[in-house]
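A.B. asks: Dumping the structure here so I can ask a few things about it.
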Amino acid sequence: MSREFLPNAGPGTITCEPSARPDSIDAEAVVVFMAEGGVGMGSAAEVDAATGGLLGRLASAGELSGRRYECVPLLAAPGLRAGQLVVVGIGKREDVTAGVLYRAAATASRHLAARPRSRVAFLADGAWTTKQVEQAVAGAAVGMVGQDLYRAEPKRTRFGTTIWVSAPVEAVERGAVIADGVNLARRLVNMAPDDIYPQSFADECATIAGRTGLDIEIWDEDRLVRERCNAILAVGRGSSRPPRLVLLRYRGGGRAGQGRAAIDASPPLAFVGKGVTFDSGGLSLKPSEGMLTMKCDMSGAAAVLSAAATIASLKLPIDLVVGIGLVENMTGPAAYKLGDVITARNGTTIEVHNTDAEGRIVLADVLDVIRGEKPRRIVDLATLTGACVVALGQDVAGLFTNDQPCCDAVAAAAREVGEQVWQLPMYPDYDEQIKSEVADIKNVGDGRWGGAITAAKFLERFVGGTPWTHVDIAGPAFSEKSRPWTDGGATGSMVRPLVELARAGG
Ligand code: BES
Ligand code: MN
Ligand code: ZN
């Protein structure tokens, strides 16, 4: 298994210790997970015994509740070699999931990463499933990374070595690869928009593809013209940085011995990502407050790239194709205008009513290119609408589909790792709202009501009946404030669910 596809990953060695008594662990800090209602029987009980009943006494005194994401650092606990014992709560024992362990591990790790640490040990629990171990390992490696790309003095420092005690080594390795994926997406989204623009994002894709063995094609303007990607080109025209389209391919689906024909016969799973590297709104200019975080408008692109890199590193037995549309939405002299009519690659004409509804226009062409790959299912990720955030809040992604089993598979994958998603309806009545007086469709609905759905209805016109699910991540992709388990900024939303989806066979 290849690891460290993340450039500049720095330290972050992760090792395993098959089993060790808490008192013999050689580390600066030990993290133990504790459920509500006392120390129970697992690793918390072992730590309690090693420390002469410290945890039990603190629990009785009400100082340790085991409630979710409570993080209690105990210094100089008796009976341990480690100078610090961190007790992190995981809530009711029967409600512990992989997603809860991801957040709990990230919480402990984020706390400890406030200072440089050479060795930190995490105590897994023998009762955990391998998925739970994976997600806990991933959480620990994500929580120690903050938003420090541009800071002279970083606020978080990766541990030199993370030691997972009593955890199966394969699960620990997979967890580490998943964390690299999430951290890659976070890094790209956290980069300043002057550093990450269509060509530099495409360069990042090429680097990652090289490291993980993905095939890559980068379409420049000439190719986009030849391919009639007028929608992407129109949105890109207002910027001095020309648009790009990136295609990534991974072939893991051919079972050994079945030969080329068997490989070619299976239609791939497809991911599509919105990669607007900065969204000023174009001539329908955004106000300053709304524009500040618009470097996050390539979060869908970052997530699909990162998920593909993770899937390839894990060597999952599926075929995958990824399409990424990269543009900067600006107001330069050649910018596309209100009233323009664009003929998208599939021949549909689009009347532009608002240049800030640019994501759907970009995706129109990317979806059509991907449809040409004859995929079994398409899942697109996009920070598409503020309306989705109004509907579902900042922590829940919206799901929209033309095929219920496809949507159910995405929702199940998200549930598996504790990311929150909610499906919104796609009634045919909404189609009326995107009818245009002069073209086939217009790029906004009538008024702002149901804006997340009319955007999805627009996208549906470009998938040509392929089973498809659109995930609007405008809320969860980026968080202005920090949480116990993560510093503010990019979250890496939907990377883990896409990996789970691929594991479930797509
Ligand atoms: N990138 C924005 C959506 C967005 C909003 C992402 C908040 C992340 C956080 C998108 O391109 C946009 O501007 N959408 C408009 C659509 C409208 C003009 C129909 C919106 O949501 O206001
Ligand atoms: Mn916009
Ligand atoms: Zn946008």
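The values are calculated or read from the model by the stated rules, or taken from the named source; none is laboratory data. Note that the coordinates shown come from a computational prediction; the quantities given were computed from them, not determined experimentally. Note that we place each Cβ from the backbone using ideal geometry, even for glycine, and neighbour counts take in every protein chain shown.
A.B. asks: Among the residues of the range 413-424, count how many are part of a helix (DSSP H, G or I) and crowded, with 18+ Cβ neighbours inside 10 Å.
C.D. replies: The total comes to 4.
A.B. asks: For residues in the range 362-400 being of a type in the set (A, V, I, L, M, F, W, C) and assigned to a loop (DSSP other than H, G, I, E, B), which is farthest from ligand 2 (Cβ to nearest atom)?
C.D. replies: 396
A.B. asks: Is it the case that the range 301-319 has a residue that's within 12 Å of ligand 2 (Cβ to nearest atom), assigned by TED's automatic domain parsing to the domain that holds residue 232 and of a type outside the set (S, T, N, Q)?
C.D. replies: no
A.B. asks: Same structure again: Kindly indicate which of 157, 107 is farther than 19 Å from residue 25 by Cβ, among the hydroxyl-bearing types (Ser, Thr, Tyr) and assigned to a helix (DSSP H, G or I).
C.D. replies: 107
A.B. asks: Counting only residues that are over 16 Å from residue 88 (Cβ atoms) and outside any loop (DSSP other than H, G, I, E, B), how many does the range 119-154 have?
C.D. replies: Total meeting the criteria: 4.
Listed here are the residues, each with its yes/no results for (1) closer than 15 Å to residue 204 by Cα; (2) touching a strand residue (DSSP E or B) at 6+ places or on another chain (Cβ under 9 Å); (3) more than 12 Å from ligand 3 (Cβ to nearest atom).
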residue: 269; (1), (2), (3): no, yes, yes
residue: 280; (1), (2), (3): no, yes, no
residue: 298; (1), (2), (3): yes, yes, no
residue: 314; (1), (2), (3): no, no, yes
residue: 322; (1), (2), (3): yes, yes, yes
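A.B. asks: Do we find a residue being assigned to a strand (DSSP E or B), more than 14 Å from ligand 3 (Cβ to nearest atom) and of a type in the set (Val, Ile, Thr) anywhere in the range 401-412?
C.D. replies: Within the range 401-412 (the criterion being assigned to a strand (DSSP E or B), more than 14 Å from ligand 3 (Cβ to nearest atom) and of a type in the set (Val, Ile, Thr)), the answer is yes, since at least one residue qualifies.
A.B. asks: Can you work out which of the residues in the range 274-299 that are closer than 11 Å to residue 356 by Cα and among the hydroxyl-bearing types (Ser, Thr, Tyr) is nearest to ligand 1 (Cβ to nearest atom)?
C.D. replies: Per the criteria, the residue is 284.
A.B. asks: Determine which member of the set 344, 357, 382, 364 is away from ligand 3 (no atom under 16 Å from the Cβ) and of a type in the set (Gly, Ala, Ser).
C.D. replies: Checking each option against the conditions leaves just 344.
A.B. asks: Which members of the range 438-478 meet the condition of being within 11 Å of ligand 1 (Cβ to nearest atom), part of a strand (DSSP E or B) and more than 20 Å from residue 412 (Cα to Cα)?
C.D. replies: Result: 442, 478.
A.B. asks: Name the pairs: first residue in the range 276-293 and in the same structural domain as residue 326 (by TED's automatic domain parsing) and more than 18 Å from residue 231 (Cβ to Cβ), second residue among the aromatic types (Phe, Trp, Tyr) and more than 10 Å from ligand 3 (Cβ to nearest atom), Cβ to Cβ under 7 Å, at least 6 apart or on different chains?
C.D. replies: 293/478
A.B. asks: Got a sec? Which of 440, 408, 429, 446 is at pLDDT below 95 and more than 17 Å from the chain's Cα centre (by Cα)?
C.D. replies: 446
A.B. asks: Let me ask something additional. Let me spell it out: the conditions are (1) closer than 19 Å to residue 283 by Cβ; (2) within 16 Å of ligand 2 (Cβ to nearest atom); (3) not acidic (Asp, Glu), and residue 334 meets all of them except one. Which number is the exception?
C.D. replies: Single failed check for residue 334: (2).
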